[in-house]
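Novice: The structure under discussion is supplied below as structure tokens; questions concerning it will follow.
The values are calculated or read from the model by the stated rules, or taken from the named source; none is laboratory data. Being a predicted model, the structure only gives us computed values, none of them experimental. Glycine gets a Cβ as well: all are built from the backbone with ideal geometry, and neighbour counts include every protein chain shown. Only protein heavy atoms, including side chains, enter the accessible area calculation; ligands, DNA and RNA are left aside. Shrake-Rupley method; radii C 1.70, N 1.55, O 1.52, S 1.80 Å.
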Amino acid sequence: MGMTGEYVRLTAAELERTLGDADWAHEWVGELQESAAESEAPPPEPRLHSTGKTWQALDFLLRRRAFPVDVVFGEADVPGAMEWGHSPPRHLTPERVAVAARALADLTPQALAEGVSVAEFAAAGLYPEGVWERDEQNEELDWVIAEYQDLVRFFRIAARYRQAVLLWIG
């Protein structure tokens, strides 16, 4: 499966409970994931999101643009949380989600990828290693941009509902 960027939208009450009980959050997110996996069709506004294996490439591109919010690794710890896969969960408050959503809306996919080739991903040793080296036509950049567009939509929905976001590398 590999390492993947994972996200879940949280209400204010869910964020409060998560920050007070990391074990509850882990169990609750697991239930959400099971329910989503069993669903025949994705909901129009999913609570869960994954950037798949593009998380490190997205981080690379966003950092190049001095993005104001860390939408890949989060900005605040979840007290008492252990690793959920490859990292402990972190979170963004509803206020930071709103800032992120506005900045994401302003950063077009073309601007995000401007002047970048996957050769730079390979040179930087970005995950998933080996993928970038085989891409002579820069087609994998389209994969990263598609994941970016889905992330923009996810944050737009979270901001609309004034939600927090919990994120980790699974």
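Let's see how each residue does on (1) within 29 Å of R160 (Cα to Cα); (2) of a type outside the set (G, A, S); (3) open to solvent by 70 Å² or more (accessible area, probe 1.4 Å); (4) at pLDDT below 95:
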position: P89; (1), (2), (3), (4): yes, yes, no, no
position: P94; (1), (2), (3), (4): yes, yes, no, no
position: A98; (1), (2), (3), (4): yes, no, no, no
position: L104; (1), (2), (3), (4): yes, yes, no, no
position: A111; (1), (2), (3), (4): yes, no, no, no
position: V118; (1), (2), (3), (4): no, yes, no, yes
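Novice: Now, a different point. So for segment 59-70 (the condition being buried (at least 17 other Cβ atoms within 10 Å of the Cβ) and within 23 Å of H26 (Cα to Cα)), does at least one residue qualify?
Specialist: Looking through segment 59-70, at least one residue is buried (at least 17 other Cβ atoms within 10 Å of the Cβ) and within 23 Å of H26 (Cα to Cα).
Novice: Which one of A119, A103, A159 is within 20 Å of P44 (Cα to Cα) and not in a strand (DSSP E or B)?
Specialist: Exactly one of A119, A103, A159 is within 20 Å of P44 (Cα to Cα) and not in a strand (DSSP E or B), namely A159.
Novice: V144 fails exactly one of the following numbered conditions: (1) farther than 14 Å from K53 by Cα; (2) open to solvent by less than 20 Å² (accessible area, probe 1.4 Å); (3) β-branched (V, I, T). What is the number of that condition?
Specialist: V144 satisfies all of (1) farther than 14 Å from K53 by Cα; (2) open to solvent by less than 20 Å² (accessible area, probe 1.4 Å); (3) β-branched (V, I, T) except (1).
Novice: Looking at segment 32-44, can you tell me whether even one residue there is closer than 24 Å to M1 by Cβ, in contact with a helix residue (DSSP H, G or I) (Cβ under 8 Å, 6 or more places away or on another chain) and modelled with pLDDT under 95?
Specialist: Quick first cut of segment 32-44, residues closer than 24 Å to M1 by Cβ only: 32-43.
Filter again for in contact with a helix residue (DSSP H, G or I) (Cβ under 8 Å, 6 or more places away or on another chain), leaving 42.
Filter again for modelled with pLDDT under 95, leaving 42.
Yes, some residue in segment 32-44 is closer than 24 Å to M1 by Cβ, in contact with a helix residue (DSSP H, G or I) (Cβ under 8 Å, 6 or more places away or on another chain) and modelled with pLDDT under 95.
Novice: From the residues in segment 1-41 that are of a type in the set (A, V, I, L, M, F, W, C), open to solvent by less than 90 Å² (accessible area, probe 1.4 Å) and not in a helix (DSSP H, G or I), which one is nearest to A159 (Cα to Cα)?
Specialist: Restricting to residues being of a type in the set (A, V, I, L, M, F, W, C), open to solvent by less than 90 Å² (accessible area, probe 1.4 Å) and not in a helix (DSSP H, G or I), the top hit is L10.
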